[in-house]
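Scroll down for the structure; my scribbles are underneath it.
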Amino acid sequence: MMNKENNTDFIVTTTNGTRWAETGVSFGQVRRQFFGKKVGLKIEKIERGRLFTHEEEEDLRREKDEERCR
């Protein structure tokens, strides 16, 4: 099991422009383990960073929880 403290946030952009959040220790690990390869997505670039800020993630999580309660 990987140590979560060593993981870094990455943004994977596919050739069709879709951006995906991934975590990993290195660019190589993210490239090897990117789930999209299994469904035919090709990686255009990988960069360090987060898709959403922590506040945005919390807002999205709260909205999702509210929708599940309906």
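For the reader, a short list of remarks on this structure follows.
- Among the residues of the range 16-26, none qualifies, meaning not one is touching a Gly at 6+ places or on another chain (Cβ under 8 Å) and either on the phi > 0 side of the Ramachandran plot or not aromatic (Phe, Trp, Tyr) (or both).
- Residues (among the small types (Gly, Ala, Ser), surrounded by 14 or more Cβ atoms within 10 Å (Cβ to Cβ) and more than 12 Å from the chain's Cα centre (by Cα)) located in the range 14-37: none
- The residue of the range 38-58 that is surrounded by the most Cβ atoms within 10 Å (Cβ to Cβ), among those that are in contact (Cβ under 8 Å) with a residue 24 or more places away in the chain and among the basic types (Lys, Arg), is 50.
- Subset of the range 32-55 (residues that are modelled with pLDDT of 95 or more and in contact with a Lys or Arg (Cβ under 9 Å, 6 or more places away or on another chain)): 43, 46
- Test for residue 17: is it in a loop (DSSP other than H, G, I, E, B) and of a type in the set (Gly, Ala, Ser): yes
- Looking only at the range 23-69, residues that are in a loop (DSSP other than H, G, I, E, B) and closer than 20 Å to residue 7 by Cα come to 8 in all.
The values are calculated or read from the model by the stated rules, or taken from the named source; none is laboratory data. This is a predicted model, so every value here is computed, not measured. When we count neighbours, we look across all protein chains shown, and the Cβ atoms used for this are built from the backbone with ideal geometry, even at glycine.
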